[in-house]
Amino acid sequence: MANQKEIRTRFAPSPTGDLHVGNIRTALFDWAYARHTGGKLIFRIEDTDRERVTDEYIARAIDTLRWLGLNWDEGPEVGGPYGPYLQSQRLDIYTEWASTFLKNGDAYNCYCSTEELEARREAQREANQAPGYDGKCRTLTSEEISKYQAEGRKPVIRMRMPDGETRFTDLIRGEVVFEHKYVPDFVLMRADGSPLYTLAVAVDDVLMKVTHVLRGEDLLSSTPRQIRVYQAMGVAPADFPEFAHLPFVMGTDNAKLSKRNGEVSIAWYREEGFLPEAICNYLALLGWSPGDDRENITMDELVQLFTIERVNSSPARFDMKKLEAINGDKIRALELDDFLNRALPFLKSAGVIKGDDEEVALVRRALPIIQERIVRMKEVVPMLSFLFVDSVKFDEESGAKVAESDSQRVITASLTALEGLGNWNHQEIEVALRAALIDGLGLKPRNAFGPVRIAITGSHISPPLFESMELLGRERCLTRLKSAVS
């Protein structure tokens, strides 16, 4: 297949929950390579385990990829010439190939029970041998088969691994060799007739004419089994897909990224307000480099620059602070209307606004003063909520701060200075408060404006104070300052 002109990559998750960082990094690299080469990306769902891979999870996987901008050329919702693209709809295909392997002698029926297999593996471990299938059913006589059938045993179908080795060139790791004494005969079909991963994935890659398999390093050890299936299907070695096993993504504890050490679903990042282009930007840097010190790249630049040669074989470390930094950069680069359209869903879902024209207009006016201050879109909620409530509620710390005598003196002086203010804009507000609090009371800016900020917004963390007061308006500001005076 490698000699074909058209590059065909595939992303083939088994979504037993929301897609995670590792899944999406793989999808991103497959997508980028297909787009860079002018090839095609196939999106295939490995859903033969219908108890764990539900329609809901499949729908969420599709939605996540769409949200990230990782479109596909063949697969669910778009179709294609080599469908269906859900493995649960391809079971007859796998059964037919397993039968062909049996007929050709590449596979055989294995009647060993689970208990027998475990007992023999335990004996291997005690003898300091690598545990694996010992080939007991490879050469059963017809009498032995009849005996097992009379006992009611249902066989699995196993692939015969020949003597020798599997040798292939990984596009990231170079030449890889697996000695077959460490790759025992493996199961293709369960006793209930359902296919295992190694059969289904290999058959599908061949029938869907996949040329390049970019996937995680954890699947490297399954490669000799897949190559064995290609051979049994009659595929010439020159037409095998090429493999590129991507480096592990590690957590901050230097262990493989997992739920235990911080990996969470892409849905969580979406809910927190990470932009899809920021997620893709950051994940692209986990094991790949654009070739210089840049960390902020666009999706178009990723497509232009992505090559497998620039993928590193060393593990990459996931760094939340770096992701936040990139996300902050992307937020600051948004045009105002784009920023508004991305902010409104967070404000609506939090119940801050209903979304009428007046509210949207106020949000649009407020966004420029917080755009430099947030690193997650979700932060627009605590930043702007004060604009849409009749009165602010203080938490225990803020309430105690406002009640202090020094704070009361500041708020009272501020109220006096602002009540007679002619033009209510942030420049005039700043001049009046500085004159009253810094010049008049002799306070430092931090001590001067802190109590006012809490009285106006309900928090010591808020957008710029004077601009916030301009947005809130004269009457509402004066009302809040009066309410804060005990």
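The values are calculated or read from the model by the stated rules, or taken from the named source; none is laboratory data. Note that the structure is a prediction, hence the values are computed from the model and not measured. Using ideal geometry, Cβ is built from the backbone for each residue, glycine included, and neighbour counts are taken over all protein chains shown. In case anyone asks, the SASA skips ligands and DNA or RNA and just uses the protein heavy atoms, side chains included. Shrake-Rupley method; radii C 1.70, N 1.55, O 1.52, S 1.80 Å.
Just a few scattered comments:
- Most to least accessible of Arg120, Arg373, Arg44 (protein chains only, probe 1.4 Å): Arg373, Arg120, Arg44
- Along each principal axis, Cα extent of the chain, largest first, Å: 105, 48, 41
- Using a probe of 1.4 Å, the accessible surface attributed to Val53 totals some 0 Å² when neighbouring protein chains are kept in position.
- Descending by average beta-carbon neighbour count within 10 Å, the peptides 227-237, 353-363 line up as 227-237, 353-363, the highest first.
- Across segment 170-256, C-alpha contacts under 8 Å between residues 6 or more apart give a mean separation that, scaled by the residue count, equals a relative contact order of 37 percent.
- Helix 474-484 vs. the chain, principal-axis angle (Cα, 0 to 90°, nearest 10): 90 degrees
- Calculated over segment 352-435: convex hull of Cα atoms, volume per residue (Å³): 147 Å³
- Of all DSSP bridge pairs formed entirely within the chain, close to 55 percent run antiparallel.
- Nearest 10 degrees, 0 to 90: helix 197-207 Cα axis against the chain principal axis: 90 degrees
- With the highest mean first, a sort of the peptides 406-419, 169-182 on other beta-carbon atoms found within 10 angstrom per residue produces 406-419, 169-182.
- Extreme residue, positive dipole direction of the chain, given options Leu70, Asn312, Ala232 (C-beta unit charges): Asn312
- Ranking Trp424, Trp268, Trp31 from most to least accessible surface, computed with a 1.4 Å probe over the protein chains only, gives Trp268, Trp424, Trp31.
- Taking the chain, the Cys residues with no second Cys beta-carbon under 4.7 angstrom are Cys112, Cys280, Cys477.
- Scaling the Cα radius of gyration of segment 1-106 by the globular reference 2.2 N^0.38 Å produces a ratio of 1.17.
- Within segment 369-486, the proportion of Cα pairs with more than 26 Å between them is 13 percent.
- Rounded to the nearest 10 square angstrom, Ser313 shows an accessible area of 50 square angstrom against a 1.4 Å probe.
- A straight chain from Thr139 to Val431 at 0.36 nm per residue would run longer than the Cα-Cα distance by 95.7 nm.
- Of the residues Leu214, Leu421, ranked by 1.4 Å probe accessible area with the largest first, the sequence reads Leu421, Leu214.
- Per residue, in Å², the accessible surface of segment 132-227 once ligands and nucleic acids are set aside, probe 1.4 Å: 46 Å²
- Taking 0.36 nm per residue of separation and subtracting the current Cα-Cα distance, fully stretching the chain between Asp163 and Thr16 would add 49.3 nm.
- DSSP-assigned coil residues among GluC sites (Glu not before Pro) in segment 295-353, each with at most 16 further Cβ atoms within 10 Å: Glu295, Glu335
- Highest to lowest packing among 62-69, 45-52, scored as the average C-beta count within 10 Å: 62-69, 45-52
- Per-residue ellipticity at 222 nm from helix content only, as computed over the chain with -39500 (n - 2.57) for each DSSP H run of at least four residues, stands at -13500 deg cm²/dmol.
- Above-threshold pairs, the threshold being 21 Å between Cα atoms, out of Lys322/Lys378; Lys354/Lys401; Lys5/Lys40; Lys147/Lys181: Lys354/Lys401; Lys147/Lys181
- Rounded if a/c under 1.5, otherwise prolate or oblate - segment 80-186, Cα gyration tensor axes: oblate
- The chain, accessible surface, carbon-and-sulfur percent (1.4 angstrom probe): 48 percent
- Alpha carbon centroid spacing (whole Å) that separates segment 196-254 from segment 401-475: 65 Å
- The relative contact order of segment 328-486 comes to 27 percent, based on Cα pairs under 8 Å that sit 6 or more residues apart.
- Relative contact order of the chain: 13 percent, from C-alpha pairs under 8 Å at least 6 residues apart in sequence.
- Looking at segment 292-383, the accessible area is 56 square angstrom per residue; that uses a 1.4 Å probe and ignores ligands, DNA and RNA.
- A simple rule links phi to the HN-Hα coupling: the Karplus curve 6.51 cos²θ - 1.76 cosθ + 1.60 with θ = phi - 60°, which for segment 35-50 gives 5, 4, 8, x, x, 10, 9, 9, 10, 10, 9, 8, 10, 5, 8, 6 Hz, with x for Gly and Pro.
- Between 0 and 90 degrees, the angle of helix 357-366 with respect to the longest Cα principal axis of the chain falls at about 90 degrees.
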